[in-house]
1. Going by alpha carbons, how many degrees (0 to 90, nearest 10) lie between the helix axis of B:154-178 and the longest principal axis of chain B?
2. Using only Cα atoms, what is the ratio of the radius of gyration of segment B:199-256 to 2.2 N^0.38 Å?
3. Mind jotting down the distance between the C-alpha centroids of segment A:246-321 and segment B:159-195, whole Å?
4. What ranking of B:145, A:267 emerges when the number of other C-beta atoms within 10 Å of each C-beta is taken as an exposure proxy, fewest first?
5. Please list, by residue number, everything in segment B:255-280 whose backbone N is under 17 Å from a paramagnetic label point 7 Å out along Cα→Cβ of residue B:209.
6. Just subtract the alpha-carbon distance of residue A:100 and residue A:7 from 0.36 nm times their residue separation and send over the number in nm, one decimal.
7. Helix A:227-237 versus the longest principal axis of chain A: what is the Cα-based angle in degrees, 0 to 90, to the nearest 10?
8. Over the protein assembly as shown, what is the percentage of antiparallel beta bridges among all DSSP beta bridges, to the nearest 5?
């Protein structure tokens, strides 16, 4: 068994579940900090443990380019390489091929692109991408997909979806064959595409359901579309996914987005927001986001978040962290990242608790009474 | 009592001692990681504790410019501000005024200079510098001095020394008056100057010994002079200092320099080497310094230092840390800094043990059989 629902909300479609992987179980709903290059930026793994991070997302595109899956495999796999004991999901790199690299050529066989680091030509096929993730020792593999940008015209979105579906089938078959003899094999998730076209989304989901994927991701959202458009799609497709499989929405998001998604049945999230924003001095708190470089914090003796009990909030003032940002000290990035990752992980924990106790809406209401969405 | 010798070496002038300060005692000989702007670069204080750092050196010049001693004082002092429970020595800023700032004008009253950050004109007097350090809540204050660069002609060095001596007297008097009513006052150290001229050094030391300073620093060395010149001066002045006071050589240095200084009776050290080098990928190991970015480490499964038992060496390979440097990940700077600071702190611990057991030379010999000085 790879997925077990522990509790269904009496209030809405939210559920508490356990996802079983080769590196232990993950409580869902949960949030994955981003570790594209084999590290959650600025945070040593002992801090991820201290924070309570159960699962992170790393990246096939980045690790293939540097240092390469063969090196990581030789070093005993990504968990050992980066010294992370928890669960690692690896994104297929589809999104990065289409957002970071240059001179792409998409063919049915796969996608050719130039490395954004050294311009080297690289050819990714669905099979190759599964193979890379197996070499990395990923716990949860994602299939190679094409992620159209927003907006996409329907003809392009449809053509792209057809390719993504063919790739999903090939990924599934290659994966199943590759893990035949594995005692404790990793999981593989398919990805729903179809841009903002509901009929394409439905067609796509029907197709990927033909294979026994271990979970389903919603891709191609959080790429610039209006919130209402995203929410409309989620509302209309969520029931197409089987209840007994985990659902992951890629690249989402802000706390308000996460609440919405969980309420409507999504289990897993990843986003660069807590870490990327932290490095610019924008940190998440129970009152909303604050720009710690702002001069109003110059002599503020409060912690980043007065309601937070993380290492950073128990030991440092806003005044100190603002000073570190002003003085361009690396420790500023570390302290802000630590806190914001903790904020997300702790939020997921509190949301899980609220679902368990059937008081999701009460918790949500209380949360947004304080948390200002800007 | 502020200083107690625990054990004198039977082999040489080395000694084991305890230095008592308002924030507890420090075992000497010891090494101070540099925290100029109120943080040992990249390392949170919980790691300094884990490493075993007993004392750090911060900086009057840097903290006066940013964020200012009044702010730090309002925040409860530097210990609380940066959340460091150990002992803090603050350098007077003399060295920084003469190395970092522009358009200096040195008068008997003090030194006027322009901030290297915003060009603002600032005037430091010996009294002002003591006052700043008291506001910071420093455990060990340093007097304002002028630090001539190397080489300095004798006429300049003599004139500069005379000023430094006048400033030392004024610093002492101002300090003693300021702490009159303090129950647990901080300590104040004087600084020996005189460039590379032995007669000036001797004259200067005689003068500062007229006041009851709590310790004596050797300044104006490690500024570019040949090692032989530095060693010659140390050998010729060390016995001029009273035995019952701690001796601190500023800005030293490499392990080989530290061994030499301890052997000849010096107790306290500070240097940017472990942290600054670490950030460029140059780390200290029991075999000598290694450039971790070097391609020979690309698939090296060893830790940075196979003989080290720090967090970094117990959990990460050279291959991983090299990857992080290549990928320009902040964690690279953290891991390299953590290890190199540990290397220094652990070296001091082992040197103290060797002195206690009267096997300093045996330990030194064994150390340099492995450690390659380049």
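1. Approximately 80 degrees, to the nearest ten.
2. Values: Rg = 11.7 Å, N = 58, 2.2 N^0.38 = 10.3 Å.
Compactness ratio reported: 1.14.
3. Taking the Cα centre of each part, segment B:159-195 and segment A:246-321 sit 47 Å apart.
4. Numbers: B:145 32, A:267 25.
Ordered by Cβ neighbours within 10 Å, fewest first: A:267, B:145.
5. It comes to B:265-266, nothing else.
6. Numbers: separation 93, 0.36 × 93 = 33.48 nm, distance 3.99 nm.
Taking residue A:100 through residue A:7 to full extension adds about 29.5 nm, to one decimal.
7. Compared with the principal axis, the helix lies near 50 degrees.
8. Numbers: 42 of 90 bridges.
For the protein assembly as shown, the DSSP antiparallel bridge percentage is about 45.
None of the figures in this text is laboratory data; all of them are computed from the coordinates on show. What you are looking at is a predicted structure, and each value in this text was computed from that prediction instead of being measured. Because the Cβ atoms are built from the backbone with ideal geometry, glycine has one as well, and the counts that use them run over all protein chains shown.
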